[in-house]
Amino acid sequence: MNKFVFVCPMHNASETLPRLLHSIHGQSNKNWRLILIDDVSKNGERRECQEILNSFQNFSGGNHRTSVIWNIEKKWEVANVLKGISMCDDEDIVCRIDADDALCDLDALALLDVVYSQTNCEAAWSAHRWGLSDKNISAAMPEGADPYKTPWVSSHLKTFRKRLINGIPYENFTNMNGELVRRAGDQAIYLPVLHNTNKRLFVQRALYSYTIDEQGGAVYQTADAKFQKDEADFVRARGYVSSGKPWETVVK
């Protein structure tokens with residue numbers, strides 16, 4: 001059976017965590033685990049998140065599937081995601097999700113189970129909902145296309161066999177400052193994975209509800225968002241780095 005592992009960084013997420021947990025615990029396919037990585041939330045937020053997790057354990061009995069890492073120093077997105085991925089087995093299907101987002105289909109894993117089982121794909125992403133609208137920027141990628149040179153169509157829900165990321169050189173995950181990417185983690189993680197896969201698929205059904213503060217198309221207006229765009233542009237322009245130390249030997 002396919003085993004799904006949600007890797008989810010979070011920061012001050014007590015307001016949105018219940019929605020995320022409901023969407024995962026409610027999945028019709030129960031063959032999942034959840035790895036939460038708290039990136040130094042405020043003390044009050046940490047207590048609230050722990051209380052929320054405890055309440056889900058009492059309500060659903062499903063918290064035996066949940067692991068939580070409480071960082072004592074801030075690591076930012078890519079370091080946190082790679083830490084979660086390092087806790088997965090090679091054939092696990094990694095599912096990237098953020099703590100302020102949620103699944104919007106309770107059969108999401110059931111559908112992905114069929115996709116991975118019947119097509120032998122190694123990476124698959126889905127359509128999504130953008131906030132409360134029906135906007136969606138995910139789409140199929142042309143056969144044989146270089147993901148670094150193709151418009152960003154692999155937005156949400158991003159999934160892949162864990163073995164695809166094994167041995168990828170560390171430099172692929174760094175930004176223009178030589179540090180691990182902080183904001184543009186979606187592309188920094190998924191582009192090298194898509195580069196390495198032999199079979200990738202787009203699932204047209206919306207499986208993911210993406211929360212965004214900048215509504216109405218006015219994206220990349222805040223300083224954080226502009227820095228995210230700069231990181232993404234740098235990663236894409238650099239392309240895939242084929243040699244160097246594997247990330248597993250550098251990221252702890």
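The values are calculated or read from the model by the stated rules, or taken from the named source; none is laboratory data. Note that the coordinates shown come from a computational prediction; the quantities given were computed from them, not determined experimentally. All Cβ positions, even for glycine, are placed from backbone atoms using ideal geometry, and neighbour counts span all protein chains on display.
Of all residues in the range 39-50, none satisfies being assigned to a helix (DSSP H, G or I) and under 16 Å from the mean Cα position of the chain (by Cα).
Hey, can you tell me all the residues within the range 145-199 that are touching a helix residue (DSSP H, G or I) at 6+ places or on another chain (Cβ under 6 Å) and among the aliphatic types (A, V, I, L, M)? Answer for the range 145-199, where residues must be touching a helix residue (DSSP H, G or I) at 6+ places or on another chain (Cβ under 6 Å) and among the aliphatic types (A, V, I, L, M): 164, 165, 168, 176, 180, 181, 184, 188, 189, 193. With respect to the conditions (1) part of a loop (DSSP other than H, G, I, E, B); (2) touching a Ser or Thr at 6+ places or on another chain (Cβ under 7 Å); (3) small (Gly, Ala, Ser), residue 124 falls short on a single one, namely (1).
Can you find, within the range 147-167, the residue that is surrounded by the fewest Cβ atoms within 10 Å (Cβ to Cβ) among those that are within 17 Å of residue 92 (Cα to Cα) and β-branched (Val, Ile, Thr)? Among them, the one singled out is 165.
No other residue among 103, 111, 132, 53 is crowded, with 20+ Cβ neighbours inside 10 Å and either of a type outside the set (S, T, N, Q) or at pLDDT below 95 (or both) apart from 103.
Go through the residues of the range 173-191 one by one and say whether even a single one is within 17 Å of residue 116 (Cβ to Cβ) and among the aliphatic types (A, V, I, L, M).
no
From the list 153, 193, the lone residue that is of a type in the set (Val, Ile, Thr) and not in a loop (DSSP other than H, G, I, E, B) is 193. Hey, does the range 161-171 have a residue that's within 17 Å of the chain's Cα centre (by Cα), part of a strand (DSSP E or B) and on the phi < 0 side of the Ramachandran plot? Yes - at least one qualifying residue is present in the range 161-171.
Out of curiosity, is residue 105 of a type in the set (Asp, Glu) and part of a loop (DSSP other than H, G, I, E, B)?
The answer is yes for residue 105.
Kindly indicate whether residue 218 is of a type in the set (A, V, I, L, M, F, W, C), modelled with pLDDT under 95 and crowded, with 19+ Cβ neighbours inside 10 Å. No; evaluated as a whole, the condition is false for this residue.
Scanning the range 224-244 for residues that are more than 14 Å from residue 177 (Cα to Cα) and among the polar types (S, T, N, Q) returns 242, 243. Applying the criterion of being in contact with a Cys (Cβ under 9 Å, 6 or more places away or on another chain) and not in a helix (DSSP H, G or I) to the residues of the range 13-27, the residue that is nearest to residue 72 (Cα to Cα) is 13.
For first residues located in the range 225-252 and under 16 Å from residue 190 (Cβ atoms), partners that are part of a loop (DSSP other than H, G, I, E, B) and β-branched (Val, Ile, Thr) and lie 6+ apart or on another chain with Cβ distances below 6 Å form the pairs 231/181; 247/168. Taking the range 66-100 as the range and being closer than 25 Å to residue 43 by Cβ, not hydrophobic (A, V, I, L, M, F, W, C) and not in a loop (DSSP other than H, G, I, E, B) as the test, the residues that pass are 66, 67, 77, 80, 83, 84.
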